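Undergrad: Handing you this structure, nothing more for now.
None of the figures in this text is laboratory data; all of them are computed from the coordinates on show. Please read all numbers here as calculations on a predicted model, not as lab measurements. Here the Cβ positions follow ideal geometry from the backbone for every residue, glycine too, while neighbour counts run over all protein chains shown.
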Amino acid sequence: MATDGDPRALGQLLRSRRERLTPAGVGLPAGSRRRTAGLRREEVALLANLSTTYYTFLEQGRPVRPSAPVLDALASALRMSVTERRYLWTLAHGDATRTGAVGPAAAPPERIDPAVVDLVRRLDPSPTLVKGRCWDVLAANPAARELFGDWDAGPTAHRNLVRWMFTTDRAREVYLEWEPEARAMLGRFRLAAARAPDDGDFAALIEELQRDSEHVRAWWPRHDVVAMGSGTKKLRHPTQGPLAYSHVVLQIADHPEQTLVTYSAIPARNGASTAR
């Protein structure tokens, strides 16, 4: 049966953020006899105007349902960003955009609209792809396959963008700044996974990633999250070499769990596009 949130992950998030702060950073005296880094539970409770017992229950992952004012107070006390606040709410109460929870066995096969596939094809020569619910590559035009590699030609497992990022040498060749890009991708993927706590496909993929990637094993417990958005990337094209790209991310209206990403090389001042 579906749950409204993920109390265990909520507790992990609270603890991870508590351990990153210092008393001086939040206007509290340092005190003495601190055996570990970060704030104490009672200090977070004080900042959020909560009882230490209630806050402890939350951090222990007990099935309590904090109200919106409590979540806001905790987010402020722990100095959370806007994205982290949304993540906090999702872990506490589930995804407000979901019209109904779907269990692992009930998840329907993912399909992509032929009109979207046609759009991806027509956007060539701009590298363009569509990723699905669990970040599988559902469609990609020739320019995208040339830049990133032909997902259809490789193992089925590599058609998933997150698995491809963390388990292939090709990803490290393409991304000139692999580590920050990989961290950001994992943060975006964590937000997507938090919105579907009962989805067996997400659970299986997370387990595989932690098994196969030392980076995921090290970074996943940190509960770092990154909002989806457009921006720039430094990528290595197989024939044109290092290039700077801008990318735009669009949500598919009929299938909001699917996103289209399209890339454009950024011309340099001398007419060439380079990334150093």
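Undergrad: From Cα pairs below 8 angstrom and at least 6 apart in sequence, can you work out the relative contact order of the chain, rounded to a whole percent?
TA: The value is 17 percent.
Undergrad: Right, here's the next one. Can you tell me the relative contact order of the stretch 7-93? Whole percent, Cα pairs under 8 Å, sequence separation 6 or more.
TA: With pairs under 8 Å counted, the relative contact order is 38 percent.
Undergrad: Going by the alpha-carbon gyration tensor, a ≥ b ≥ c the square roots of its eigenvalues, is the chain rounded (a/c under 1.5) or, if a/c is not under 1.5, prolate (a/b greater than b/c) versus oblate?
TA: prolate
Undergrad: What nm value, rounded to one decimal, do you get for the distance between V26 and R40 when each label is placed 7 Å out toward the C-beta?
TA: So the two model labels end up 1.3 nm from each other.
Undergrad: What is the dipole size for the stretch 7-93, taken about its Cα centre, with +1 at each Lys and Arg Cβ and -1 at each Asp and Glu Cβ, in debye to the nearest 20?
TA: Rounded to the nearest 20 debye, it is 260 debye.
Undergrad: Once Lys and Arg get +1 and Asp and Glu get -1 on their Cβ, which of W151, N141, H223 lies farthest toward the positive end of the dipole of the chain?
TA: So the residue we want is H223.
Undergrad: Identify, among A24, Y87, L47, the residue whose Cα sits farthest towards the positive end of the charge dipole of the chain, taking +1 on the Cβ of Lys and Arg and -1 on the Cβ of Asp and Glu, with the dipole about the Cα centre.
TA: Farthest along the dipole direction, towards plus: A24.
Undergrad: Starting from the 7 Å offset along Cα-to-Cβ, what nm value, one decimal, do you get for the label separation of R33 and R236?
TA: 5.5 nm
Undergrad: Angle check, please: helix 200-212 long axis (alpha carbons) against the longest principal axis of the chain (alpha carbons), in degrees 0 to 90, nearest 10.
TA: 90 degrees
Undergrad: In addition: Give the angle, between 0 and 90 degrees and rounded to the nearest 10, that separates the Cα long axis of helix 68-77 from the longest principal axis of the Cα atoms of the chain.
TA: Between helix and principal axis, roughly 90 degrees.
Undergrad: At R0 = 22 Å, how high is the FRET efficiency between R121 and T156 if r is their beta carbon distance? Nearest 0.05 is fine.
TA: Efficiency, rounded to the nearest 0.05: 0.50.
Undergrad: Once you charge only the Cβ atoms, +1 for Lys and Arg and -1 for Asp and Glu, what is the size of the charge dipole of the chain about its Cα centre, to the nearest 20 debye?
TA: Computed charge dipole of the chain: roughly 1140 debye.
Undergrad: Between the stretch 132-157 and the stretch 12-74, what's the alpha-carbon centroid distance in Å?
TA: Cα centroid to Cα centroid, the span is 43 Å.
Undergrad: So, one more: Taking Cα atoms, how many degrees apart are the long axis of helix 178-194 and the longest axis of the chain, rounded to 10 and kept between 0 and 90?
TA: 70 degrees
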